[in-house]
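To start, the structure itself, in structure tokens.
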Amino acid sequence: MTIFSIDEVRKTFTNGEIKEEILKGINLSLEEGEVTALVGASGSGKSTLLTIAAGLQSASNGQVVFEGNNMTSMKSEQVRKIRASQFGFVFQFAHLVPFLTVEEQLLLMLDVSESKLKKREQKKEIDKILKLVEMDHRKNAYPASLSGGEKQRVAIARAIIHQPKVLFADEPTASLDSKRSKDVMRLIRELTKTLNITTLMVTHDEEMLSYADHIIKMSDGMVLQNEA
């Protein structure tokens, strides 16, 4: 089922009298339980498209529709609430809070997302998610004692602890070596299927494309190829 659609999205930046069109009428749809990968050279517009889809910046023209609701016509507070409760984010670096344990990182995310779970239920959910990402044995550890791969697993757990419907991943393996990159991508794919999440991922690494259900190749702000 289509949960997310991007219709004729354009993005123009103005620098003095110069206007540069970064996105040139992008159309795509995202399905539940599937990983869609945006791939292209630096400057192709893939990260700009992801941030617009996630409501982190606005489009110059076009629509971003989530569960039948046009986010581009919503007030900023409405978009913020959707972003906090329905979206999860994983970036190139884990960006963990250095003075919080693994468990506390996830508790903080539940607080930010305004989770309605009671404290006891939150603990159970955290244990469940940490087990899924194979980090339950490290829940009392601080970021400084974690490897790069472990930090990214915690970042993934933090991104899904509030049960979002969409996961946005911007170069999630760029800071990892080949083995850890494959481990992280395998995990993202497994969680997408197990939890029926819709995942939109930006990557420049074509080795990671084997983990995607759909591949969208971009160049100069346009879709060159849309492959299933």
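The values are calculated or read from the model by the stated rules, or taken from the named source; none is laboratory data. Quick caveat, the model's predicted, so the values are computed rather than measured. For neighbour counting, all protein chains shown are included, and Cβ atoms are generated from backbone atoms with ideal geometry for every residue, glycine included.
The criterion of being surrounded by fewer than 21 Cβ atoms within 10 Å (Cβ to Cβ), farther than 25 Å from residue 5 by Cβ and among the hydroxyl-bearing types (Ser, Thr, Tyr) holds for residue 147. Restricting the search to strands (runs of 3 or more DSSP E) fully inside segment 122-228 and requiring at least 2 residues that are of a type outside the set (A, V, I, L, M, F, W, C) gives 198-203, 214-219, 222-227. Scanning segment 177-209 for residues that are free of Cβ contacts under 8 Å to residues at least 40 places away in the same chain and surrounded by 20 or more Cβ atoms within 10 Å (Cβ to Cβ) gives 181, 184, 185. So, in segment 202-227, how many residues would count as being among the hydrophobic types (A, V, I, L, M, F, W, C), under 16 Å from residue 174 (Cβ atoms) and in contact with an Asp or Glu (Cβ under 8 Å, 6 or more places away or on another chain)? Within segment 202-227, residues that are among the hydrophobic types (A, V, I, L, M, F, W, C), under 16 Å from residue 174 (Cβ atoms) and in contact with an Asp or Glu (Cβ under 8 Å, 6 or more places away or on another chain) number 1.
Applying the set (1) at pLDDT below 90; (2) farther than 18 Å from residue 212 by Cα to residue 2 leaves exactly one unmet item: (2).
Determine whether segment 189-201 contains at least one residue that is under 30 Å from residue 21 (Cβ atoms) and of a type in the set (A, V, I, L, M, F, W, C). Within segment 189-201 (the criterion being under 30 Å from residue 21 (Cβ atoms) and of a type in the set (A, V, I, L, M, F, W, C)), the answer is yes, since at least one residue qualifies. The selection criterion, being surrounded by 14 or more Cβ atoms within 10 Å (Cβ to Cβ), in contact (Cβ under 8 Å) with a residue 12 or more places away in the chain and either assigned to a strand (DSSP E or B) or touching an Asp or Glu at 6+ places or on another chain (Cβ under 6 Å) (or both), does not hold for residue 52.
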